[in-house]
Each structure stands twice: as C-alpha cells, then as structure tokens.
Amino acid sequence: MKFKQKPGRTSVIDALFLASKSGVKAQDIREINKMEIKPRPYQLSDVDDFMEWACDDQVISKSKLRYYTSREDALDYLREVAIPHPWYRAICLEDRPIGFICVKPGSDYEICKGQISYALGSKYWNKGITTEAVKLVISSVFEEFPNMERLEGFVNVEIKASQRVLQKAGFQKEGVLRKYVIVHGKTIDVIMYSFLRTDQTN
C-alpha cells in the first residue's frame, strides 16, 4: 500500500521504518508525527479503504466485527450504522482510514458513561497508532458529552495487545467479567477498564 506523502514531511510509516533501521526510538518518531494520526467521521467515499481493514481475517478473528460480502454491503453499513452513529470515527493515517474507534454514549440513568471500542488493520498493529487514537478520543469526548463522567472499555482476556492499548492510554483495570459475551460462537471472559473525567487532571 502506498501513502500520499506531504511535501517536506516524513510519513508515519516511513518514519517508523527509518527508526527501526537507524536505532532511533519509534516512540520519538510517533510523537513528532502524531498529528498524522487522527480520528474523523467516515464518509461513503471511504468504502474501499474501509473494506481493506474491515475484511482483514486477523481483525475479524479478534473482534465482534463481521465479514462484508460486497462493496454494497459495506456501503450499507457506513450509510446506516457508522455515519449516523453519535460518535463513530475512522482512525486515519495521513487522512486514509485504517480502522475505527467508537464511543457509545449512555442514556437515561446511564448518561454518565460511555463505552469505547476500536479496531485497526493488522498491518498497522504494534506501532502505537491505536493508543494514540484512544488518547485523542479522551481529549475530546468528555467535552462533546458534558454529562459523561466515565468511559469504559471491555477487552478479551486473551488479547494482551488491546489491554496494553487502554493501559498506555491511562485506563484503569477494574476486574474480570466471566462468561460476559459471545464472540464467534464462543463465550469469553473480558477485562473491564475505565477512564474517568477526573483522571484527565491526575
């Protein structure tokens, strides 16, 4: 996959590659280029990029996402689910969608909380991209939802990388919920994490 590179600026992928070759810490490069990683609303024109990561077998196997059988099927999902959603964003690298991040706000007596979920194309795993996206969400979601005091995340106990994402973003582990949800026909245990509005100042 080839990314359009802005004149005079090293792309995130190129920078990470150069870092691994030169011995420079990848984290330092990510900090320099973090503005290249940003969440934005999905558009129908994103459908081909959406299908590239959303039909990734490795992504499907580790999430509750489903396969999209056709381009039209994916367009229907974007049109009917992603775009109307209160807070569903594409994780973009140089403005190209490579995953999603979503916050489902609570209502009525649960208006004080929201639930975060995310997925990223497997070729971008282990580069700090999802962690950076979660941090960007934290910086804005409590402003966009003034009644929200708590952001929750639920992670399969077997998926260590996703647990590290939330831990690095400042979420606190609260406990294990046994046999909590069915994923691909299997009932799994999940770890509950939370980030409070007041944690931003701690």
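Quick check: residue separation of residue 66 and residue 200 times 0.36 nm, minus the Cα distance between them. What number comes out in nm?
Once the chain is fully extended between residue 66 and residue 200, it gains 44.8 nm.
At a probe radius of 1.4 Å, what is the per-residue accessible area of residue 80, in Å² to the nearest 10?
130 Å²
Mind listing P(r) for segment 36-196? All alpha-carbon pairs, 5 Å bins, whole percents.
All Cα pairs, binned at 5 Å, distribute as 2, 9, 18, 21, 21, 18, 9, 2, 0 percent.
In nm, what is the difference between 0.36 nm times the number of residues separating residue 172 and residue 104 and their Cα-Cα distance?
22.6 nm
At 1.4 Å probe size, with every protein chain present, just tell me what the per residue accessible area of segment 36-196 comes to in Å².
Result: 51 Å² per residue.
According to a simple spin-label model (label point 7 Å from Cα along Cα-to-Cβ), what is the distance in nm between residue 55 and residue 112?
Using points 7 Å along Cα→Cβ, the separation is 4.5 nm.
List the aspartates and glutamates whose alpha-carbon lies under 15 Å from that of residue 64, not counting same-chain residues fewer than 8 positions away?
56, 158, 189
Note down the accessible area of residue 182, probe 1.4 Å, to the nearest 10 Å².
That residue has around 110 Å² of solvent-accessible surface.
Anything over 27 Å Cα to Cα? Flag those among 123/160; 38/179; 38/186, in the order listed.
Beyond 27 Å: 38/179; 38/186.
The values are calculated or read from the model by the stated rules, or taken from the named source; none is laboratory data. Predicted, not measured: the structure shown is a model, and the values here were computed from it. Here the Cβ is made from the backbone with ideal geometry for all residues, glycine too, and neighbour counts use every protein chain on show. Ligands, DNA and RNA are excluded from the accessible area calculation, which covers all protein heavy atoms including side chains. Shrake-Rupley method; radii C 1.70, N 1.55, O 1.52, S 1.80 Å.
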